[in-house]
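What follows is one structure encoded as C-alpha cells, with my remarks underneath.
A short reminder: the numbers here are calculations on the coordinates, not readings from a lab. Model, not experiment: these values are computed from the prediction. Quick reminder, even Gly has a Cβ in these numbers, built from the backbone with ideal geometry, and neighbours come from all protein chains shown.
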C-alpha cells in the first residue's frame with residue numbers, strides 16, 4: 001500500500017510539472033504609477049514600478065553583476081521635453097544572497113517588488129512612456145520566464161493621472177497600484193547587519209593606541225571631581241551619550257547631504273569608487289605608521305579649553321575632545337563605515353554611526369560607573385600598535401572592492417578575479433607573517449616570543465590563505481562571493497576548460513561552417529551547433545539529421561543545471577554530438593537584428609527587434625509555453641518528432657527522449 005501511495009505521489013508531481021511547463025506562466029503582475037498627482041514644474045517625483053509576485057517565485061532586480069547570468073530587470077524610457085531622469089531606476093529593499101548555480105551574489109524580489117525612478121518635471125503636461133523587461137524564476141521547479149511590459153503615464157494641467165494599459169507579453173500591467181509592503185524583512189536585515197558590523201568596528205577602535213590609554217584618563221576626570229559620586233556618574237552617562245550623539249550626528253549629516261538618490265552614483269560611477277579605494281589605501285598607510293592623520297591643533301585646543309567648564313558642558317566637550325584626539329585611529333574606521341553605508345538607504349549612515357558609537361562609548365561609560373574595574377585593565381604597550389597594523393592589512397583588502405566595482409562597471413579588465421585573489425593572498429600571507437613576528441613596522445615593539453593568541457591568529461590567517469589558493473584555478477570560493485569579482489572574469493578557469501573540451505574530438509555538427517552568432521553565443525561541453533532557426537534547419541536538411549531545439553536563456557538557472565547534470569552525461573553527449581543538429585535559441589539575448597528582420601508578433605502585436613525577442617515569440621506562438629529550458633526534437637521540415645519536454649534531471653529518461661526522436665526520424 002505504501003508503494004502505491006508513493007507511486008501516486010510521483011505521478012502527481014510529474015503531472016504538475018508537465019502542466020506547469022505546458023502553459024503561459026505569469027508569476028509577476030506589475031503596476032506603474034507616479035508617486036505624486038498634484039505637481040508643478042520643478043518638482044521631483046518618482047515613477048513607481050510595483051509587482052505582486054506569486055508564492056514560490058522570485059523576480060531578479062538590477063543591482064548585481066549582469067555577467068553572472070540571470071537577466072537583470074531593465075528599463076527603457078522614451079525621453080521627451082516634459083521631464084528629465086535623475087539617476088537610474090533603483091530597487092527598493094531587494095533580497096541579496098549567494099547563488100550556487102551562478103557562483104555569485106544575486107539580488108531579487110519575493111512576494112512584492114518595488115522599483116523607483118526619480119524624475120524632474122520640466123514642463124506640463126507631463127508624459128512618461130517606455131518599456132521594461134524582467135525575469136522571474138520558480139523556487140520549486142526552477143523554471144524561468146521572461147516578461148516584457150510597457151508603461152504610459154501622464155499628468156495634465158489638471159494633474160489627473162492617466163495610465164494606458166498595453167497588450168501584454170507575459171504579465172498584465174494594471175492601472176492604479178495597491179500599496180506594496182516590500183520595505184520589510186530585507187531592509188531590517190541589512191540595517192541590523194550594518195549595525196552589528198559597525199558595533200564590532202567600534203569595539204575594535206577601542207583597542208588602538210589613540211583610544212585605549214584615554215580610558216583611565218577619562219574616568220579619573222569624573223571620579224576626581226569635587227561633585228558627589230551620584231552626580232559624577234550622571235555626568236559619566238551624559239559623557240557616553242555625548243559620544244554617541246556626536247558620531248550619530250555625523251551619520252545624519254551624511255544621510256541628509258547625500259541621500260538615497262546619490263546611492264546609484266556612489267555604487268556604479270568610477271570616480272567615487274576610485275576615490276574610496278585611494279582613501280582606504282591612505283588609511284592603511286597611516287595604520288602601518290607611514291604618517292599620522294590628525295585633526296588641526298586649533299580645533300583640539302578649542303575643545304580642550306571648554307572641558308574646564310564642568311557639569312554637563314564639561315562632559316560634552318570632554319567627549320568632543322576624545323572624538324578629535326582619537327581621530328588618527330578612528331578616522332579610517334569611521335570613514336570605512338560611512339563609505340560602505342552611503343550607497344544604501346538614508347538610514348544606513350545613521351545606523352552605522354549609531355552602532356559604532358555605542359560600542360565606542362560603552363567602556364568609557366562603564367569604567368566611569370565602576371572605577372574599580374580599572375585595576376583589571378591590561379596595560380598599554382606595543383600590542384596596541386599591533387591592532388593598528390592588523391586593521392591596516394584589512395583596509396588594504398577591503399579597499400580593493402571599490403577598485404573592482406569601477407573595473408567591472410567600465411570593463412577596464414585591470415582587476416580580474418585571479419588578480420584580485422593574488423593580491424588578497426599576498427596581503428593575508430604578510431598578515432600571517434606579522435602575527436608570527438617575521439614582519440615589523442617602525443612603531444612596533446620587539447617581540448621576544450610568540451604568544452598563544454598571536455599563534456592562533458596566525459593559524460586562522462594562513463588557513464584563510466590556503467582556502468583562497470584554489471580560487472586561482474577556478475574554485476568558486478562561495479564564502480567570498482560578495483567581495484571578489486565574479487567567476488566570469490576569471491581568465492584561467494580549470495573547471496571550465498575541462499568542461500569545454502570534454503568532447504572536442506567529436507563530430508562537427510556545423511560541417512566546418514561558422515555558425516551565425518557563434519562569436520556571441522556558445523554551447524557547453526565543447527558541443528557545436530547553431531543559434532539561428534533558419535540556419536539550423538538548413539543544416540539539418542543538408543546533413544539529413546533531426547534537430548535538437550534548446551529554448552534556453554543566459555539567465556536560466558535550470559538550463560545550467562540541465563547542462564551540468566544531464567548534458568554532461570557521456571551517453572547524452574554522444575547522441576547530441578553524433579546524431580543531432582543542435583539549435584540553441586536564447587530567449588533573453590539582447591542582440592539587435594537588422595531592421596529588415598524585424599516583424600510584428602501575432603501573439604502580442606509588438607515589434608520584435610532582438611534575437612531573444614524573436615526566439616521567445618517563436619516558443620510562445622508555436623508551443624504556448626514561455627518557460628525554459630524547453631526541448632523539442634524536429635525533423636527536417638520542422639515537424640515535432642516527439643512530445644517536447646522541459647526540466648528533468650533524470651538522465652535515463654532524457655536519453656530515452658533522444659533515442660525516441662532518432663527512431664521516429666528514421667521511420668517518418
Completion exercise
Exposure-ranked with fewest Cβ neighbours within 10 Å first, 128, 452, 253 stand as 452, 253, 128
Fill in the blank from the handout: A correct fewest-to-most ranking of 528, 40 by other Cβ atoms within 10 Å would be 40, 528
Problem - Spacing of the two label points (7 Å from each Cα toward its C-beta) at residue 492 and residue 86, in nm - result: 5.0
Exercise for the section: Multiply the residue separation of residue 120 and residue 252 by 0.36 nm, subtract the distance between their alpha-carbon atoms, and state the gained length in nm to one decimal. Expected result: 45.0 nm
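Quick one: which of 642-649, 395-402 comes out on top by average Cβ neighbours within 10 Å, and what's the full order, highest first?
395-402, 642-649
Neighbouring Cβ atoms within 10 Å as the yardstick, rank 525, 95 fewest first.
95, 525
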Handout entry: Hypothetical label at residue 290: residues of the range 431-447 whose amide nitrogen lies under 14 Å (7 Å Cα-Cβ projection)
Key = 442
Exercise for the section: With r as the distance between the Cβ atoms of residue 433 and residue 78 and R0 = 56 Å, compute the FRET efficiency 1/(1 + (r/R0)^6) and round to 0.05. Expected result: 0.40
Fill in the blank from the handout: Once residue 446 and residue 237 are pulled to full extension, the length gained, defined as 0.36 nm per residue separation minus their Cα-Cα distance, is 71.4 nm
Completion exercise
For residue 652 and residue 596, extending 7 Å from Cα along the Cα-Cβ vector and measuring point to point gives, in nm, a value of 5.3
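Which FRET efficiency value, to the nearest 0.05, is calculated for residue 52 and residue 637 with the Förster distance at 41 angstrom and r the Cβ-Cβ distance?
0.40
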Handout entry: Förster-model FRET efficiency, 60 Å R0, residue 40 and residue 622, C-beta, rounded to 0.05
Key = 0.75
Practice task
Run the quick spin-label model on residue 668 and residue 463: label points 7 Å from Cα toward the beta carbon, then report their separation in nm to one decimal.
Solution key: 6.1
Practice task
Please express the Cα-Cα pair-distance distribution P(r) of the range 497-667 as a list of whole percents, one per 10 Å bin, running from 0 to the bin with the greatest distance.
Solution key: 10, 40, 39, 11, 1
